[in-house]
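Have a look at the structure below, then the notes.
Laboratory data are not the source of any read-out in this text; all were calculated from the coordinates shown. Keep in mind that what you see is a predicted model, and the values were worked out from it rather than measured.
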């Protein structure tokens, strides 16, 4: 029995064209993609020994929380702002 994949980015992986720059993309979809990506970064920061990544983790957690809030409120201006901020997180 093969375990079922629970990939949160499945909507991108199953699209043969993927998300391509220059095409009109749904801001909600792009923001969700960045939220998932940054949540993986948070896991990385949390795994740094001796709590060295706690500051970075807490900052990224706050950005993700605010990005979720912009989605819930469907505030296009804030969604664009948090998309740009999350896009530049490393």
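Contact order, relative form, for region 25-87: 40 percent (alpha carbon pairs under 8 Å, 6 or more residues apart, mean separation divided by residue count). Between residue 29 and residue 43, the contour length at 0.36 nm per residue exceeds the alpha carbon distance by 2.9 nm.
Is the shape of region 25-87 best called rounded, prolate or oblate, per the rule: a/c under 1.5 gives rounded, else a/b larger than b/c gives prolate, else oblate, with a ≥ b ≥ c the square roots of the Cα gyration tensor eigenvalues? Prolate, because a/c is 1.5 or more and a/b exceeds b/c.
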